[in-house]
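The values are calculated or read from the model by the stated rules, or taken from the named source; none is laboratory data. Treat the numbers as computed from the prediction; the structure is a model and nothing was measured. In this analysis, Cβ positions are derived from the backbone assuming ideal geometry, glycine residues included, and neighbour counts consider all displayed protein chains.
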Amino acid sequence: MREEVRRIRELLEQQAYVTDAAVATSLYLAMALAKPLLIEGPAGVGKTEIAKVLAAALSTRLIRLQCYEGLDATTALYEWNYSKQILHIKLQESAPVSVEEKEASIFSEAFLLKRPLLEAITDQTRSPVLLIDEVDRSDEEFEAFLLEVLSEFQITIPEIGSIAATHRPHVVLTSNRSRELSDALRRRCLYLWIDYPPFEKELRIVRARVPSIGEALSSELTRVIQNSRTLGLSKVPGVAETIDWAASLVALNAGHLDIDVVRETMGCFLKDESDQQKFEREISRRFDEMAGSGS
């Protein structure tokens with residue numbers, strides 16, 4: 001097992017995703033046990049990215065279901081292509097076929113609009129990675145529907161019949177904890193919590209994702225980000241914002257940080273006006289500590 005975990009970690013690292021043993025072990029167990037993996041943590045720490053790099057590492061398809069309030073089974077599963085059905089009926093008006101034959105022809109897979117869940121179940125090539133992103137934004141009714149689908153990976157379309165997965169997908173669910181998920185959903189999943197990374201790990205992430213950045217600049221900006229998370233901001237910058245800021249500084253040909261550069265580019269990692277004001281009040285007083293060695 002340790003060899004398999006190490007291999008998964010290497011595959012992720014090859015996709016420039018800096019990971020650790022906990023993430024690699026969780027992914028290995030999710031695949032070995034054929035169970036969904038529920039990943040929770042603050043926004044912007046790389047939860048969604050895990051599913052993306054897993055699909056790339058396995059050379060398989062990524063199918064994404066973005067959850068939102070009001071999402072229902074029809075939108076997530078399938079719909080009938082009504083306009084195509086009507087056109088087909090009109091074209092068959094003069095054809096010598098029975099009503100039953102007409103119904104059978106229009107309620108067939110050719111007229112089915114597959115949404116993410118049905119796409120994942122009917123993939124005929126190999127097990128895809130099914131990403132159910134921000135599941136906490138959906139409502140409890142949809143969560144109950146998910147339980148049914150994820151338990152068997154089989155659905156029933158009344159006009160066609162039951163459809164079971166040929167290749168069971170690897171399922172990753174993410175949550176920012178905007179609401180508490182049900183115990184029933186949690187019991188059906190393996191669980192992984194991802195927090196803001198420590199300095200050394202975040203520095204490795206920056207250098208892996210923005211390889212053209214200088215060593216000194218990457219250290220300075222990572223320390224600024226790390227310290228900004230101690231200021232009690234309403235929208236704490238995640239790793240995604242760290243990467244955006246690093247790429248922006250490279251685009252500006254910045255060789256190091258000074259107070260002016262930080263002020264001019266803080267919109268890359270601070271996305272709230274009150275947070276920017278709070279950060280500006282602290283920046284002069286704490287800049288040496290934030291951008292320096294930390295000693």
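Across region 29-43, the qualifying residues are those that are within 18 Å of the chain's Cα centre (by Cα) and assigned to a helix (DSSP H, G or I), and the one among them that is surrounded by the most Cβ atoms within 10 Å (Cβ to Cβ) is 30. When the test is whether a residue is in contact with a strand residue (DSSP E or B) (Cβ under 8 Å, 6 or more places away or on another chain) and either at pLDDT below 95 or outside the structural domain of residue 125 (by TED's automatic domain parsing) (or both), residue 79 passes it. Of the strands (runs of 3 or more DSSP E) lying entirely inside region 108-222, not one is found with 1 or more residues being over 23 Å from residue 40 (Cα atoms) and at pLDDT 90 or above. Selection over region 54-70 of residues that are in contact with a Ser or Thr (Cβ under 9 Å, 6 or more places away or on another chain), of a type in the set (A, V, I, L, M) and surrounded by fewer than 21 Cβ atoms within 10 Å (Cβ to Cβ) gives a count of 1. Taken over region 15-24, the criterion of being surrounded by fewer than 19 Cβ atoms within 10 Å (Cβ to Cβ) and among the polar types (S, T, N, Q) is satisfied by 15 alone.
Is it true that residue 196 is among the hydroxyl-bearing types (Ser, Thr, Tyr), crowded, with 17+ Cβ neighbours inside 10 Å and within 17 Å of the chain's Cα centre (by Cα)? For residue 196, the condition - among the hydroxyl-bearing types (Ser, Thr, Tyr), crowded, with 17+ Cβ neighbours inside 10 Å and within 17 Å of the chain's Cα centre (by Cα) - is met. Among the residues making up region 208-220, those that are under 26 Å from the mean Cα position of the chain (by Cα) and either surrounded by fewer than 21 Cβ atoms within 10 Å (Cβ to Cβ) or free of Cβ contacts under 8 Å to residues at least 40 places away in the same chain (or both) are 208, 209, 211, 212, 213, 218.
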